[in-house]
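Colleague: Below: one structure in structure tokens.
The values are calculated or read from the model by the stated rules, or taken from the named source; none is laboratory data. Predicted model, so just to flag it, every value in this text is computed and none were measured. Heads up, the Cβs are rebuilt from the backbone with ideal geometry, glycines too, and the neighbour counts pull from every protein chain shown. Keep in mind that these areas ignore ligands, DNA and RNA; they rest on the heavy atoms of the full protein, side chains included. Shrake-Rupley method; radii C 1.70, N 1.55, O 1.52, S 1.80 Å.
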Amino acid sequence: MQKRFLFIGFVLMMASTFQLKAQYAKQDSTFRKWFVGSTLLMLGNFIPDDPNPPKYIQINAGYRITPKHVVQLRFKKSIYAWPLGIPFGPDFDAPGLNYPGHARILAPQIGYQRFWWKGLYTSVYVLNAFEKYMDENKKKVGNGFTLYTDFYLGYQFTFFKNRFFFEPAIGVSYWPVRTNVPESFKAVEQEWPNYFIQPGLDFGFKF
């Protein structure tokens, strides 16, 4: 009889253990390890009467190694006609301060995101930007390359049982390597720094 009670007790204990593990798996955010997303900065493509629309595209895809550690791949494509280091404000995209033409950029990016407390995170990204420079007549004047490093501090808000997220952040972009910039473009860039403070407005879907 005692062996039977011990056996029943063992079965109940194992069942309760499996149930706790199942409940934890449902609550643990790592059960949705993959995610895809983009950024609300693409809304800048719809600014009316913009003489230099950025035609900005960003696609994000990532994997949660643990609840606190995330790796991410991004792809960016855009057009810009202003010096990279020019800050937001009255000078940004102001007449006379733009490039004598524009640059087209294709940029694959890899990054690491670390969560510290609830949704608070920091992240770092390395971006390889391949650029094509066009003059005011849309004639190609050169190809270049820029190596960017992006650093962000932000917070992730989740919705609908952790399926969707939104990540407002503040970031600094710094480019230690920039090569083959045409002289006419370089002349405009010289008075500006090689870093840029920018917002982050990423969103996505977990699965």
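Colleague: Give me the accessible area per residue for the range 101-207, probe 1.4 Å, as a whole number in Å².
Modeller: Working: 6030 Å² over 107 residues.
So the range 101-207 comes to 56 Å² accessible per residue, rounded to a whole number.
Colleague: Leaving out ligands, DNA and RNA, what percent of the accessible area of the range 34-156 is carbon and sulfur, probe 1.4 Å? Walk me through the numbers on the way to the answer.
Modeller: On the way: 4490 of 6590 Å².
Roughly 68 percent of what the probe reaches on the range 34-156 is carbon or sulfur.
Colleague: If you don't mind, another one. With r as the distance between the Cβ atoms of ASN180 and LEU106 and R0 = 25 Å, compute the FRET efficiency 1/(1 + (r/R0)^6) and round to 0.05. Each step should come with its number before you reach the end.
Modeller: Numbers: r = 15 Å, r/R0 = 0.59.
After rounding to 0.05, the efficiency reads 0.95.
Colleague: What trypsin sites (Lys or Arg not before Pro) does the range 114-154 have in DSSP loop regions with at most 15 other beta carbons within 10 Å?
Modeller: Numbers: sites: ARG114, LYS118, LYS132, LYS138, LYS139, LYS140; in loops: LYS118, LYS138, LYS139.
Sparse-neighbourhood loop trypsin sites (Lys or Arg not before Pro): LYS118, LYS138, LYS139.
Colleague: Moving on to the next point. Any idea how many Lys pairs in the range 77-197 come in under 25 angstrom at the alpha carbon, given 8 or more places apart or on separate chains?
Modeller: Lysine pair count for the range 77-197: 11.
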